[in-house]
Amino acid sequence: DTGVSQDPRHKITKRGQNVTFRCDPISEHNRLYWYRQTLGQGPEFLTYFQNEAQLEKSRLLSDRFSAERPKGSFSTLEIQRTEQGDSAMYLCASMPGGAWETQYFGPGTRLLVL
Amino acid sequence: GENVEQHPSTLSVQEGDSAVIKCTYSDSASNYFPWYKQELGKRPQLIIDIRSNVGEKKDQRIAVTLNKTAKHFSLHITETQPEDSAVYFCAASKGSGGSNYKLTFGKGTLLTVNP
């Protein structure tokens, strides 16, 4: 499968715990995005990487959230001290470097904070 | 920032009928408008997109129209089939000229095609 992959697909955690999600983009896609999707809503932009550089963060990304893309390939999204409001689907997307390109989405990680 | 409004939120049609979903955007600098289909529990998948230098684009039963002056764009599905049932999202971005190409999505339309 050469598409975007995410791990884990599901995560249940207790409030206050830390969680980390991983995204493996399509090979050679240098642009990588994280979005959050809650029930009945469209995906909302969280953060963007071009290669290993994090170039934009949404105001939705509180200081409890951190994202990395250390070698310009896979990316991780960590949430510290999870809250019930963090329960959502976390989607990763990747895109080639040119203009007018398509963003390809991964299957998402569904997080439930109890 | 960009704001995308999408209507209707739910749409129910009979198999074979047409379906139309409409979106408006706020940022006149947006120039790329993709549509994604998301089936229950699955990833969003691109079904068609349009650039601001084009007024209409068609791919078999699916077409998208864009009115830059009014800042709205629409998805048209003809001869609907039960497998078209899904949530459809419109989105807007600056497809060229910077701003990182991030997508701003509408809230989605749940399309149900009744056999």
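The values are calculated or read from the model by the stated rules, or taken from the named source; none is laboratory data. Treat the numbers as computed from the prediction; the structure is a model and nothing was measured. Neighbour counts are summed over all protein chains in view; Cβ atoms, including those assigned to glycine, are modelled from backbone coordinates with ideal geometry.
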*asked:* If I filter region A:34-44 for residues that are within 13 Å of chain B (Cβ to nearest Cβ), of a type in the set (D, E, K, R) and in contact (Cβ under 8 Å) with a residue 40 or more places away in the chain, do I get at least one hit?
replied: yes
_So B:Asn31, is it surrounded by 12 or more Cβ atoms within 10 Å (Cβ to Cβ), more than 12 Å from the chain's Cα centre (by Cα) and either modelled with pLDDT of 95 or more or not aliphatic (A, V, I, L, M) (or both)_ = yes
*Just for region B:42-74: of the residues that are in contact with a Lys or Arg (Cβ under 9 Å, 6 or more places away or on another chain) and among the small types (Gly, Ala, Ser), which one is nearest to the other protein chains (Cβ to nearest Cβ)?*
B:Ser52
*Quick one: A:Gly97 ticks every box in (1) within 11 Å of chain B (Cβ to nearest Cβ); (2) closer than 19 Å to B:Gly106 by Cα except a single one, so which number is it?*
(2)
*Are any residues in region A:55-69 surrounded by 13 or more Cβ atoms within 10 Å (Cβ to Cβ) and either more than 19 Å from A:Gln80 (Cα to Cα) or modelled with pLDDT of 95 or more (or both), and if so, which ones?*
A:Glu56, A:Arg64, A:Phe65, A:Ser66, A:Ala67, A:Glu68, A:Arg69
